[in-house]
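Student: Got a structure for you, questions after.
Laboratory data are not the source of any read-out in this text; all were calculated from the coordinates shown. Keep in mind the model is a prediction, meaning the values are calculated, not measured. Heads up, the Cβs are rebuilt from the backbone with ideal geometry, glycines too, and the neighbour counts pull from every protein chain shown.
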Amino acid sequence: MNTARNGALFAGLFLLAGAAFIAALATGSADVTFSESINALRGSAPDHIQSLVMGLRLPRAMTAFAVGGLLAVAGVLMQVLLRNPLAEPYILGSSGGAAVAALLAMTLGMSSLIIDLSAFGGAMAATLLVFAIAHGTGSWTPARLLLTGVVLAAGFSAATTLLLALSPDQNLRGMLFWLMGDLSFAFNPARCLWLLAILLIAGMASARHLNVLSRGELQAAIAGLPVKGFRYLIFSAAALATALSVTTVGVIGFIGLVVPHLIRIIAGSDHRVVLPASALAGGTLLVVADTLARTLMAPRQLPVGALTAAIGVPLFLILMSRSRQGRYQ
């Protein structure tokens with residue numbers, strides 16, 4: 001029964017992902033038919049169609065899929081690490097640290113490369129700071145880590161507001177779009193795709209350990225799992241995925257929170273299913289959101305993060321109302 005259900009789940013997710021990609025390639029401010037998109041993938045479309053689809057739309061769609069998958073996987077890992085179904089990738093302040101560092105670089109007029117490096121460094125530094133403070137002189141607990149992340153995130157939010165208030169008017173639009181998620185210049189999906197593949201392979205190999213740890217540290221220790229070292233690995237993987245996602249497209253919320261909920265309600269809590277299914281669903285959701293962002297008011301583009309929030313908030317409320325007690329342990 002579970003095998004058939006999981007098979008149907010993955011078949012549906014692959015079909016949705018394929019449909020989302022075709023829609024992303026065929027829709028936009030320039031008219032491209034579905035058949036022309038397919039021909040472009042085959043390399044037999046006219047030059048201007050080939051350039052538009054293969055040079056612009058396909059890399060952007062692949063970047064959206066990779067980032068959505070990374071955020072969903074990071075959400076799964078954070079929920080295991082903190083044993084809290086409401087945990088999400090940005091809970092440890094990585095988005096706030098990235099925002100402060102990136103906005104500071106923008107205010108100083110730095111190049112895009114420096115801005116990317118600043119965002120990545122800020123995200124990693126913020127996550128490490130949260131972990132260091134929560135650890136203190138002894139072992140950290142999920143509750144302590146969560147509380148520290150929330151408090152520092154509030155501090156980063158205040159710093160972000162201050163930077164926006166002090167920034168020149170001509171820089172504000174770009175800053176705000178970055179803060180709300182922007183894939184306008186996301187045409188290099190390779191690094192995100194590689195990291196997503198590595199995390200999925202590693203996650204599938206350690207899925208049994210994730211299942212044990214999600215039931216509690218005591219049970220994991222009794223089962224012989226090196227709890228402390230494994231928590232460090234989960235923390236590092238989630239932090240790296242979140243930092244790279246924020247660096248690539250800015251801050252995009254709700255994917256890492258809503259998608260794991262949805263998959264667990266459909267397929268249960270076995271991480272051999274939850275991890276790859278979350279990656280597929282998260283990637284597909286961001287491809288759809290990005291397609292809507294650049295087509296609803298074309299040629300103007302909407303911030304992707306605003307659309308994921310518009311989709312994620314009602315979906316999350318529906319999922320919470322339907323979730324059964326005891327789903328998370």
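Student: Give me the dipole magnitude in Debye, nearest 20, for the chain about the Cα centre, with unit charges on the beta carbon: positive for Lys and Arg, negative for Asp and Glu.
Tutor: Values: 19 positive and 10 negative charges, 196 e Å.
Charge dipole, the chain, about its Cα centre: 940 debye, nearest 20.
Student: In whole Å, how far is the Cα centre of region 155-198 from that of region 73-122?
Tutor: Cα centroid to Cα centroid, the span is 9 Å.
Student: Further, regarding this structure: Can you give the charge dipole size of region 1-107 about its Cα centre, rounded to the nearest 20 debye, using +1 on the beta carbon of Lys and Arg and -1 on the beta carbon of Asp and Glu?
Tutor: On the way: 5 positive and 4 negative charges, 62 e Å.
The calculation lands at about 300 debye.
Student: A further question on this structure: Compute, for region 220-315, the length of the dipole vector about the Cα centre, with Cβ point charges of +1 (Lys, Arg) and -1 (Asp, Glu) only. Units Debye, rounded to 20.
Tutor: Working: 6 positive and 2 negative charges, 24 e Å.
The dipole of region 220-315 has a size of about 120 debye.
Student: Farthest toward the dipole's positive end in the chain, which of TRP194, LEU292, ALA98, given Cβ charges of +1 (Lys, Arg) and -1 (Asp, Glu) about the Cα centre?
Tutor: TRP194
Student: Lys/Arg Cβ at +1, Asp/Glu Cβ at -1, dipole of the chain taken about the Cα centre: which of LEU117, ALA153, GLY181 is farthest positive-ward?
Tutor: After comparing all options, I get ALA153.
Student: Does the chain come out rounded, prolate or oblate, given a ≥ b ≥ c as the square roots of the eigenvalues of its C-alpha gyration tensor, rounded meaning a/c under 1.5 and, failing that, prolate meaning a/b above b/c?
Tutor: Cα axes put the chain in the oblate bin.
Student: Compute the Cα gyration tensor for region 173-212, then decide on rounded, prolate or oblate, letting a ≥ b ≥ c be the square roots of its eigenvalues: rounded whenever a/c is under 1.5, prolate when a/b is larger than b/c in the other cases, and oblate in all that remain.
Tutor: It is oblate, given that a/c is not under 1.5 and a/b is not larger than b/c.
Student: Positive end of the dipole of the chain, charges at C-beta (+1 Lys, Arg; -1 Asp, Glu), about the Cα centre: which of ALA143, GLY268, ILE222 has its Cα farthest in that direction?
Tutor: Working it through, the farthest residue towards the positive pole turns out to be ILE222.
Student: Continuing with the same structure: Order 152-162, 77-87 from most to least packed using the mean count of other Cβ atoms within 10 Å.
Tutor: 77-87, 152-162
Student: Let me ask something additional. What 222 nm value per residue comes from the helices of the chain, counting each DSSP H run with n ≥ 4 as -39,500 (n - 2.57) and dividing by all residues, nearest 500 deg cm²/dmol? Walk me through the numbers on the way to the answer.
Tutor: Values: 15 runs with 248 residues, N = 329.
Mean residue ellipticity, 222 nm, calculated: -25000 deg cm²/dmol.
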